[in-house]
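Right, one structure below, let's go through it.
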Amino acid sequence: MRFVIASGTGIDPSGYLAQLPQLAAALPAGARAFAEAQGHYDLDGPRCVKDLVLSRVDFDSSETEVTLELRFRHRCGRHVENLLLRYYGVSGFMLESPEWSRYGPLLLDELLPHAHGCSHEIACQAGSLAVIAKDLSATWTASDCPHRDSALAQA
């Protein structure tokens, strides 16, 4: 990652957040909305990506476009929702290890402008992945967490 510090020694999005106002203008609409979403980099907030776990990776290739879906599940603590990231016009995808199911909890992510749209790097405790795409959409979905209603009320 270029600006976010996400390693075993610490997690700090402040460098990225300082650059985000300039970066956001060059991001595609969906990537910009996700990067600027309230709580995305609030390490204690319910809609921060920290501690989500990658649970599924799906590719779909048509004659015109490659799409990728990354599904992250909550761990029923601070998180009470799951996250679906859907990438459109995928031109690059990198897994640090093919054993993505063992990456462990997500540390942080970083969205940057790219010649093909945006790049999205996601650092987890035991591996990382990166996607280059025209754009993405981020959808938080209800979960079966028993603490869901009280956590949402506090958000």
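Where a number appears in this text, it was derived from the coordinates with a stated rule and is not lab data. Since the model is a prediction, treat every value here as computed from it, not as a measurement. Counting neighbours? That spans all protein chains shown, and the Cβs are built from the backbone with ideal geometry, glycine included.
Some values worked out for this structure:
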| item | result |
| --- | --- |
| Matching option when the condition is within 23 Å of Gly104 (Cβ to Cβ), of a type in the set (Val, Ile, Thr), in contact with a helix residue (DSSP H, G or I) (Cβ under 8 Å, 6 or more places away or on another chain) and in contact (Cβ under 8 Å) with a residue 24 or more places away in the chain, among Val53, Val57 | Val57 |
| All positions within the range 4-31 that are closer than 17 Å to Leu83 by Cβ and assigned to a helix (DSSP H, G or I) | Gly30, Ala31 |
| Top-ranked residue of the range 71-113 - restricted to ones that are in a strand (DSSP E or B) and among the hydroxyl-bearing types (Ser, Thr, Tyr), ranked as surrounded by the fewest Cβ atoms within 10 Å (Cβ to Cβ) | Tyr88 |
| Leu68 vs. criteria crowded, with 17+ Cβ neighbours inside 10 Å and under 15 Å from Ala133 (Cα atoms) | yes |
| Residue within the range 116-127 that is outside any strand (DSSP E or B), in contact (Cβ under 8 Å) with a residue 12 or more places away in the chain and in contact with a Gly (Cβ under 6 Å, 6 or more places away or on another chain) present | yes |
